[in-house]
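The values are calculated or read from the model by the stated rules, or taken from the named source; none is laboratory data. This one's a predicted model, so the numbers in the text were calculated from it and none came from an experiment. Cβ atoms come from the backbone with ideal geometry, glycine included; neighbour counts cover every protein chain shown.
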Amino acid sequence: MKNVFAGAGLLITGVGIGFGLAMIFHPVKSFLPRSLAGTATSPSKSVAITISAIIDGSERFIFTPDNVWDEHGRWQPPKDVLFNGEPWTDLTTPPPQWDKLSRNLDLSRAELVQRKGRDIIALERTADGFDLYFADTQMGAAQYEATISIPIKP
């Protein structure tokens, strides 16, 4: 029984030392969600856009100041695509509101703030803007949604 208490004491001490070292080398701010830790942009100085679709395979939505389009990868093209809640039927041309939206946005600082789906949703910054990737590797299609925060240019 003494060995059990000694072992438990060593375990608790080790865990405490581990958390202590983590706090020293990683400030508390890094453990908080971005919404609580603070970011370079405040919510009032950014625009949120949401893309949702039924994805079966892979898609790459390419965002530039002048254009937004989908580059279809594998399996079936996306269905029921919505851009900020509005249907986006021709994925080779930008959504109707993109020309007005993009004028004052700093696309190079876009951040993926929310994702919903059973597989991969990722944002990669590019020289002209950013790419939004959807990858549904499981059998059959599924619903996906991504919300992106884009800072307004100063």
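Is it true that some residue in region 112-127 is surrounded by 16 or more Cβ atoms within 10 Å (Cβ to Cβ), over 18 Å from SER46 (Cα atoms), without any contact (Cβ under 8 Å) to a residue 24 or more places away in the chain and touching a Leu at 6+ places or on another chain (Cβ under 8 Å)?
Taking every residue of region 112-127 in turn, none turns out to be surrounded by 16 or more Cβ atoms within 10 Å (Cβ to Cβ), over 18 Å from SER46 (Cα atoms), without any contact (Cβ under 8 Å) to a residue 24 or more places away in the chain and touching a Leu at 6+ places or on another chain (Cβ under 8 Å).
Give me the residue from region 69-113 that is of a type in the set (A, V, I, L, M, F, W, C) and farther than 24 Å from THR137 by Cα and, out of that set, modelled with the lowest pLDDT. Show your work before the answer.
Keep residues of region 69-113 that are of a type in the set (A, V, I, L, M, F, W, C), which gives 69, 75, 81-83, 88, 91, 98, 101, 105, 107, 110, 112-113.
Add one more test, that the residue is farther than 24 Å from THR137 by Cα, and what stays is 98, 101, 105, 107, 110.
Numbers: TRP98: 86, LEU101: 82, LEU105: 91, LEU107: 90, ALA110: 93.
Top of the filtered list is LEU101.
Filter region 76-111 down to the residues that are surrounded by fewer than 16 Cβ atoms within 10 Å (Cβ to Cβ) and on the phi > 0 side of the Ramachandran plot and list them by number.
Passing the criteria: ASP80, GLY85.
What single numbered condition from (1) free of Cβ contacts under 8 Å to residues at least 60 places away in the same chain; (2) surrounded by 13 or more Cβ atoms within 10 Å (Cβ to Cβ); (3) assigned to a loop (DSSP other than H, G, I, E, B) fails to hold for GLU71?
(3)
Do the conditions hold for ALA53, that is, is it under 30 Å from PRO151 (Cα atoms) and modelled with pLDDT of 90 or more? Let's see the steps before the verdict.
On the way: under 30 Å from PRO151 (Cα atoms): yes; modelled with pLDDT of 90 or more: yes.
It is true that ALA53 is under 30 Å from PRO151 (Cα atoms) and modelled with pLDDT of 90 or more.
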